[in-house]
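Worksheet: one structure, shown below.
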Amino acid sequence: MDINLLINMYYAAPELWYGIGACILLLSGIAFYQLFRILKLKQKNYFLNRDRERYAETLYASRDGYFAFIYPDQKINDPRKQIVERCSRRLAVMLNLSEGTKSSFDEVLKNFYKEDVKKIQKYIAMLKDEGVSFDDEFVLKNNNKFMKLSGSRINAFDGNIYCDMIWFRDVSYETNKIAKLEHEKELASAQLVQMEDLLNNIPYPVWLRDENLKLKMFNKKYAEYLNTSSKSREEIIEEGIEINGINGESLTQNLAFLAHSTNRQKKKNVSLVKNGQRIVMEATETPFHIENSLDKISTVGALIDITELDDLKRNLKIHENTQLEIFGTLGTAFAVFNQHEKLAFYNKAFATTWKLDSVWLEQQPLYSAFLDVIREKRLLPEVSDYTAFKKNEQENFSRIIEPTEDRLYLPNGKTFRRVIAPHHMGGLVFAYEDITDRIATTSAYNELLKLQKEMLENLFDAVLIFGSDGALAFYNQSYIKLWKSDRIFLDRRPNLSEVLDSQKRFFAKEGNWKDIKKNIINHIVDMTNKRLTLYSDELGSIEILSCTLSDGSMMITYQKNEKPVNSTL
């Protein structure tokens, strides 16, 4: 293009060129503006697509699955006929749907029981027709999982319906957990009722205090001792009403304070009046840590009726004092050493026997000190190891559970019979009896008895002695030779009838044995001095004599005649 021509044209019609330039500038501005709008729309569309993807991924990542009934955007007469169904990826996995996200709602319903299907269909119909939301729980028939279905309608700002959504949530864990908690709650409630029954049927008052020693709980017996039938349990706890003693003071508040401050169980005996009668009770307060917290200490209290026990103790003390007074008058040396091995009681004979000073005895010496003192007086048996002897004596306090007896042979020639028995209040009771003279008398008697038996053994006559109990007590060698008796049979201590039956074989030819035996027994029992003569072919003539001895025994003597005589039978 020729530049000069353009210049000439400009000069020929400058207004025209101004107009063309203005149009070009306007079109350029419009073009730039539209380009700017296009870029803006592309940017907006980018962010919209990104947000849509983000929301979609957010829905996919949700723990809940959903099924959507999407309505068409255009306005039509019946939008329900063109509803599009959409199954979420999560729901397809939850229900293991073979068609995946392409599954229809009918495929979804196949996972529920028939009765539940009818119920769900009714919910869906109400949601589609009237937009009524629902929330219910169902069980899957394949795996018995619990599924919570929540239906709701989503609308636009202008009232246009977007879709109807049914959310599916697996609540098996929560449902099972709730069921387990409900079961545990029922068990706990039952145990609570049992605990209340247990407390209310305890036959004495029990109660619980908190860390501030305020009354928190009590049983029915506690309320009975309050005599406040007009007040409820809550009022008693609120007012902190305590069981009071005879003078109106609280029986256990101070005891609870001591138990709480020392963290040790405390006990004491208290008295109160109920129904006009004085009752002695043992009050206890036992501390414990609340919920294993070392800073919170509560207490449990109880009142146990020990009226009968108190009476028994009082009567026992009276009888014990009476018994000790009786023992004090006895000639036998008597002493009681308590569980701490201290002398608790002694009589006059004890002090005299062991040559002890009463002032020293009143100081309640230990048993070990008593042994040391009488050893110095040479009134203990001589032993090679006194330390071991003393230790063995002291061990008797923890070893003896029933009366035992032994003898003490003193250096001065005396012999003591010692009886050791456990005392009902703890410790041991010692009784010492001087049996020196008795042993000497017994020894002399035994020597005399031995001499008499030797004399009877050396007699030619057969001798039997039956004790006062009717059993054979003695036989000599002459009897065994005469009747050819079995020593084992005689050592079994047979009675008179059995001994006579052992002689039956010698009188087999002499007539009726029953008559012979009866005649012999009558003669012996009558204790006559008249001789009874028997005859046997094997033994010949035998005379029987019987007499009663001073101790009640009966002696029978058999004398064999050398010359045969006629039998008196």
> Looking at SER443, is it among the small types (Gly, Ala, Ser) and at pLDDT 80 or above?
Replying inline: no
>> Given (1) basic (Lys, Arg); (2) in a loop (DSSP other than H, G, I, E, B); (3) modelled with pLDDT of 85 or more, identify the lone condition not met by LYS267.
In response: (2)
>> Being within 24 Å of the chain's Cα centre (by Cα) and either assigned to a loop (DSSP other than H, G, I, E, B) or within 24 Å of PRO287 (Cβ to Cβ) (or both) narrows it down to one residue among ILE246, ILE237, ILE202; which is it?
In response: ILE202
> Name the residues in region 170-205 that are open to solvent by 90 Å² or more (accessible area, probe 1.4 Å) and touching a helix residue (DSSP H, G or I) at 6+ places or on another chain (Cβ under 9 Å), would you?
Replying inline: ASN201, PRO203
>> Can you list residue pairs whose Cβ atoms sit under 7 Å apart, with the first residue in region 77-105 being over 23 Å from LYS148 (Cβ atoms) and surrounded by fewer than 11 Cβ atoms within 10 Å (Cβ to Cβ) and the second being hydrophobic (A, V, I, L, M, F, W, C) and at pLDDT below 90? Count only pairs 6 or more apart in sequence or on different chains.
In response: VAL84/ILE70
>> I want to confirm something. Restricting to region 504-529 and keeping residues that are within 17 Å of SER468 (Cα to Cα) and assigned to a helix (DSSP H, G or I), which single residue is least open to solvent (accessible area, probe 1.4 Å)?
In response: ILE524
>> Going residue by residue through region 361-370, is there one that turns out to be open to solvent by 20 Å² or more (accessible area, probe 1.4 Å) and within 15 Å of LEU410 (Cα to Cα)?
In response: no
> Which of (1) touching a residue at least 40 places away in the same chain (Cβ under 8 Å); (2) open to solvent by 40 Å² or more (accessible area, probe 1.4 Å) is the odd one out, the single condition ILE154 does not satisfy?
Replying inline: (1)
>> So the check is Cβ under 7 Å with 6+ separation or different chains; which pairs have a first residue in region 344-356 that's farther than 16 Å from GLU376 by Cβ and a second one that's hydrophobic (A, V, I, L, M, F, W, C) and open to solvent by 60 Å² or more (accessible area, probe 1.4 Å)?
In response: ASN347/LEU330; ALA349/LEU330
> How many residues are outside any helix (DSSP H, G or I), more than 60 Å from the chain's Cα centre (by Cα) and without any contact (Cβ under 8 Å) to a residue 24 or more places away in the chain when one looks only at region 460-503?
Replying inline: 9
> Does region 375-383 contain at least one residue that is without any contact (Cβ under 8 Å) to a residue 40 or more places away in the chain, assigned to a helix (DSSP H, G or I) and under 24 Å from PRO422 (Cβ atoms)?
Replying inline: no
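The values are calculated or read from the model by the stated rules, or taken from the named source; none is laboratory data. The structure presented is a predicted model; accordingly, all values stated were derived computationally and were not measured. Glycine gets a Cβ as well: all are built from the backbone with ideal geometry, and neighbour counts include every protein chain shown. The protein model used for the area step is the full one, side chains on, heavy atoms only, and it has no ligands, DNA or RNA in it. Shrake-Rupley method; radii C 1.70, N 1.55, O 1.52, S 1.80 Å.
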